[in-house]
1. Could you tell me whether Ile181 is among the β-branched types (Val, Ile, Thr), crowded, with 21+ Cβ neighbours inside 10 Å, at pLDDT 90 or above and closer than 30 Å to Asp271 by Cβ?
2. Between Val114, Val118, which is touching a helix residue (DSSP H, G or I) at 6+ places or on another chain (Cβ under 9 Å), under 20 Å from Asp157 (Cβ atoms) and within 13 Å of ligand 1 (Cβ to nearest atom)?
3. Looking at segment 383-439 only, could you name the residues that are over 27 Å from the mean Cα position of the chain (by Cα), surrounded by 18 or more Cβ atoms within 10 Å (Cβ to Cβ) and of a type in the set (Phe, Trp, Tyr)?
4. Exactly one of these conditions fails for Arg386: (1) more than 16 Å from ligand 2 (Cβ to nearest atom); (2) within 30 Å of Leu183 (Cα to Cα); (3) part of a strand (DSSP E or B). Give me its number.
5. Could you say which residue among Glu126, Glu135 is loosely packed, with under 15 Cβ neighbours inside 10 Å, assigned by the TED database to the domain that holds Ala83, among the acidic types (Asp, Glu) and in a helix (DSSP H, G or I)?
6. Pairs, please: C-beta under 8 Å, at least 6 apart or cross-chain, first residue near ligand 2 (Cβ under 6 Å from one of its atoms) and in segment 184-197, second of a type in the set (Phe, Trp, Tyr) and not in a loop (DSSP other than H, G, I, E, B)?
7. Restricting attention to segment 138-158, and to residues there that are touching a strand residue (DSSP E or B) at 6+ places or on another chain (Cβ under 8 Å) and part of a loop (DSSP other than H, G, I, E, B), which single residue is farthest from ligand 1 (Cβ to nearest atom)?
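The values are calculated or read from the model by the stated rules, or taken from the named source; none is laboratory data. As the structure is a computational prediction, the values presented were derived from the model and not from experiment. Reconstructed Cβ throughout: ideal geometry from the backbone, glycine too, with neighbour counts over all protein chains shown.
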Amino acid sequence: MKPVIALVGRPNVGKSTLFNRITKSRDAIVADFAGLTRDRHYGDARHNGRELIVVDTGGFEPEKPTGIVAMMAAQTKAAVAEADAVIFVVDARNGVAGQDHDIARYLRGANKRVLLCVNKAEGLSESPLLAEFHELGMGEPHPVSAAHGQGIRSLLDAALADFFDPEDDDDPLADGTDKPIRLAVAGRPNVGKSTLINTWLGEDRLVAYDQPGTTRDAISVPFERDGKRFELIDTAGLRRKGKVFEAIEKFSVVKTLQAIADANVVLLLIDATQGVSEQDAHIAGYILESGRAVVVAVNKWDAVDSYQRQMFERSVEQRLAFLKFAPLLHISALKRQGLGPVWKAIADAHASATRKMPTPVLTRLLQEAVQHQAPQRSGAFRPKLRYAHQGGMNPPIVVIHGNGLEHVTDAYKRFLEGRVRDHFKLSGTPLRIEFKSSR
Ligand code: GDP
Ligand code: GDP
């Protein structure tokens, strides 16, 4: 699971600046769940080759900034609760403020790894000003300058120390057939995730095993269906209550992001009675960026009339056009309708995402594609595509070698993608094409 780091501190100490600095190291996917979490921002970041999630509580401005109650509003507490480590940001230029003491007191009780980050410290690394922050009792202050990008690396080193497990290193081309298919059910609140999961787990054909909670209370439910092993990754803090699973949180952005990152296949649930909303499109966009395989299930199909169905199809075309490769099925979790095809689509998506694409086959495909339609000239030069190999799975990556490949147009890239998809019958998985020019 990706570790989660929360940035907390009073207003104006530089949390948003630090957030941008940390997430900028790669093209940050900032998950925008507008309307669900007004005051928290979530971003993906990479440090030393490992991925993490950063949560910024920067939008939090107490109306009357007095006392711990106003300071540590529910949003900030929630961000701390779901974090693995907390970066407590203070302002070097202002010295220790009363509010900093309030926050420090709260954090001491929160039982989390806390790093004290003294921001705006450019040019102050030797200053006695920094020593003052020892009085917060939060350990050694880490001087950084978010604005100038100084000290960020060692701050993250300290925040993430001991966190990464070397066993998490997956071989990108390892054969995953002996492992269960990790499945996450994602979607907005009230789309029917719990209903679907309980319907599944209540079926005789599906054998669920009890499993004690694993890391950070997240449970995953292993089960078997049609001879295939699955592992359901929790997105909502599921708890077993009697015979059914109950979601203890209505919606958790962090759990959703982590589950998506950790899954092989994501089942994206959409509510037919609501149409495809912007939030659905954001979650879908995040799944696409993450490279996971995806199946879309439109739930509550029982509850919409033919006019609503038409409107729904239109909203799919408008908002989910970028997910064309994903199968879209109509179901009713409540009435147990249309669920069989969902399993087939999930199994197909997983098989597609882990398809082996041998180098000779890819290279022949490439040559046939070029014969059929050569890439456009760029000036006097025509890109030369020589051979291709598979660079990864889930998502499948095709690496194409040649010369002048930086001139290959996006349209041509899509044409190549189509040829590979058709040949290998890929369904429900993104496919990445990368170019490697040799000079
Ligand atoms: P937030 O309210 O904690 O999210 O704070 P912001 O990120 O919005 O920053 C507040 C102000 O501090 C802005 O004017 C930033 O430009 C400034 N700031 C942020 N980081 C630094 C820094 O490293 N050095 C200096 N001098 N100013 C900074
Ligand atoms: P979650 O927040 O995504 O876990 O959603 P829930 O499973 O709690 O469902 C939210 C509401 O939608 C509940 O009242 C369910 O009974 C209802 N619901 C779920 N699936 C269906 C369905 O297929 N058809 C209809 N008509 N209602 C459904």
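1. yes
2. Values: Val114 fails: within 13 Å of ligand 1 (Cβ to nearest atom).
Criteria check complete, one pass: Val118.
3. Result: Tyr412, single match.
4. Of everything listed in (1) more than 16 Å from ligand 2 (Cβ to nearest atom); (2) within 30 Å of Leu183 (Cα to Cα); (3) part of a strand (DSSP E or B), Arg386 misses just condition (2).
5. On the way: Glu126 fails: in a helix (DSSP H, G or I).
On inspection, the qualifying residue turns out to be Glu135.
6. From residues that are near ligand 2 (Cβ under 6 Å from one of its atoms), the pairs are Ser194/Phe245.
7. Gly139
Listed here are the residues, each with its yes/no results for (1) within 20 Å of Ala297 (Cβ to Cβ); (2) modelled with pLDDT of 55 or more; (3) over 22 Å from the mean Cα position of the chain (by Cα); (4) assigned by the TED database to the domain that holds Ala131.
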residue	(1), (2), (3), (4)
His142	no, yes, yes, yes
Ser154	no, yes, yes, yes
Asp169	no, no, no, no
Val185	yes, yes, no, no
Gly202	yes, yes, yes, no
Arg216	no, no, no, no
Val221	yes, yes, no, no
